[in-house]
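What follows is a set of notes on a single structure, which appears directly below.
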Amino acid sequence: MTIVDIIEKKKQKQALTKEEINFFVKGFLSGEIKDYQASALLMAICLNDMTDEETMDLTFAMLESGDKIDLSMIKGTKVDKHSTGGVGDKTSIILAPLVASTGVSVAKMSGRGLGHTGGTIDKLEAISGFQTSLTQEEFINNVNDIGVALTGQTGNIAPADKKLYALRDVTGTVNSIPLIASSIMSKKLASGADKIVIDLKVGNGALVNNIDDARRLGHLMVKIGKKFSKDVICFLTNMNEPLGHNIGNGLEVLECIDVLNGKGPEDLKNLIEELASTMVSLGKNISKEEALKEVTDNLTNGKAYQKFLEFVERQHGDIHHITVSDKTLSVKSNKDGFITAINTLKLGELSRQLGAGRLNKEDVIDYGVGMVLNKKQGDFVMEGEELVKIYYNEKSIPLIDILNCFQIENDYKEKEPLIYEKIM
Ligand code: URA
């Protein structure tokens, strides 16, 4: 068996065997299979897809490529959450302390930015000193002591996914259903939670653009979960506009702090309430209504924010130093009208170009840059009014490109729902 034969086979649209998939994963991880060969196979998978069986085999191979976290030392039901990624998607930073503030343990492993989407770990690192790489012992101790810990994909958890993820980020091979499903599920299965809630983003700013593909991905992840005796609940949610107002690492942390203090934008708050109440109802085995009451109470009585402060301190972050650039520019509307559509992918790409994400594996993120949207879908804007404030530093982008992301029309257009459906 050679990697060239395997690439050829996928190029010919044939299904790979379990042995071929294992050969690829092992060889890539050991370095025998080179990045350029792995990129070719990834691209062939993107173009020619995989069967559910191949996806299961790939998930299993990546899961078995490293260690599995044993969370049995943590009391109670452990609930994990994962997002397939979007623009301005900062929910994990709010959910982790919020859910923990109700007494449900959150032991969460998160990722870095991928493609045009941001990543929780990069965002948290905008808090000066915040330690995103915990040993297994620190991870478990933190959850036992304060109910919450969040770590990057460190140690030896699904290392094959970690290496592939970084390669996919810079080779245009992110948005493939089997690659996304196996990437997410290998990590989630390795990180040991009992129940997994997945926020599957759908729309022009997501990795999955249409509802049919999202349904397929959702059912596939639930099916993989079942095979490993894990309950997976998948929410299909709207990513046809950025979530909340802020895009960019430091700016997003600031918006999370607003929500944790009972403020912040409606869409972000509503999504948080849905995901958090699901996690709390699973974790405590109580009704969704009871869970929602606890969640909304803790967002307004200070408990969620206190837990966030405890979490940041425990991971050595300095909450008084969140990096945000002081250089700003204003993008103003060139006409009156209603915002009827937003090119979310482009906004994500422009933020990445400003330095908020990586264009090459080695790139260093600029935590302070990004943008704040003053207007979202359905809002009325007047000519000359500020649509977006740009926070920049060393890199620049054409402001006209930002303006062109907004479709402004005379007639109001109904917004699509925030949550489309739930798959379980
Ligand atoms: N999140 C992941 O962890 N992996 C993907 O491939 C996409 C989103």
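The values are calculated or read from the model by the stated rules, or taken from the named source; none is laboratory data. Computed from a predicted model, the values in this text were never measured in an experiment. Quick reminder, even Gly has a Cβ in these numbers, built from the backbone with ideal geometry, and neighbours come from all protein chains shown. Just so you know, the surface numbers come from the protein's heavy atoms only, side chains and all, with ligands and any DNA or RNA stripped out. Shrake-Rupley method; radii C 1.70, N 1.55, O 1.52, S 1.80 Å.
A few comments on the model shown:
- Gap separating the Cα centres of segment 275-291 and segment 12-33, nearest whole Å: 40
- If R0 is taken as 22 Å, the Cβ-Cβ distance between Lys293 and Asn270 corresponds to a FRET efficiency of 0.90.
- Using the Cβ-Cβ distance between Ile319 and Ala166 with R0 set to 41 Å, the FRET efficiency from 1/(1 + (r/R0)^6) comes to roughly 0.90.
- Helical mean residue ellipticity (222 nm; -39500 (n - 2.57) per DSSP H run of 4+; nearest 500) of the chain: -13500 deg cm²/dmol
- The residue list Ala126, Met73, Ser287 was ranked by how far each Cα lies along the charge dipole of the chain toward its positive end, using unit charges on Cβ atoms, and Met73 comes out on top.
- Once divided by 2.2 N^0.38 Å, the Cα radius of gyration of segment 3-48 becomes 1.02.
- Assuming charge only on the beta carbon of Lys and Arg (+1) and of Asp and Glu (-1), the dipole of segment 284-347 about its Cα centre is about 300 debye to the nearest 20.
- Paramagnetic label zone (point 7 Å from Cα along Cα-to-C-beta, Asp231; backbone N under 18 Å) in segment 287-303: 287-295
- If you take the alpha carbon atoms of segment 2-152 and fit the smallest convex hull around them, that volume is 145 Å³ per residue.
- Nearest-0.05 FRET efficiency for Asn261 and Ser133, computed from C-beta distance (R0 30 Å): 0.60
- Per-peptide average of other Cβ atoms within 10 Å, ordering 113-119, 406-412 highest first: 113-119, 406-412
- Length available on full extension from Asn210 to Gln12: 0.36 nm per residue minus the Cα-Cα distance, which gives 68.7 nm.
- Lys, Arg +1 and Asp, Glu -1 on Cβ, resulting dipole of segment 1-151 about Cα centre, debye, nearest 20: 400
- Rounded to the nearest angstrom and listed largest first, the equivalent-ellipsoid semi-axes of segment 305-372 from its Cα gyration tensor are 30, 18, 13.
- Structure note, pairs Lys346/Lys375; Lys90/Lys163; Lys68/Lys269; Lys34/Lys227: Cα-Cα distances above 26 angstrom occur for Lys68/Lys269; Lys34/Lys227.
- Full extension of the chain between Thr328 and Asn393 gives 22.5 nm of extra length, using 0.36 nm per residue less the Cα-Cα distance.
- Considering segment 354-407, its Cα convex hull presents a mean projected area of 4.5 nm².
- Net charge, Gly66 excluded, C-beta distance under 11 Å - Lys, Arg +1, Asp, Glu -1: +1
- Measuring only protein heavy atoms, the 1.4 Å probe finds Arg216 accessible over about 80 Å².
- For the chain, a simple Cβ point-charge model (Lys and Arg +1, Asp and Glu -1, everything else neutral) yields a dipole of about 640 debye relative to the Cα centre.
- Each residue, Asn156 and Asp379, gets one label point 7 Å from its Cα in the Cβ direction; the gap between the two is 5.0 nm.
- A full extension of the chain between Ile286 and Ser72 corresponds to an added length of 74.9 nm, given 0.36 nm per residue minus the alpha carbon distance.
- Counted over the chain with a bin width of 10 Å, the fraction of Cα pairs per bin, in whole percents, is 5, 22, 32, 26, 12, 2, 0.
- Residues in the chain average 40 Å² of solvent-accessible surface per residue, probe 1.4 Å, ligands and nucleic acids excluded.
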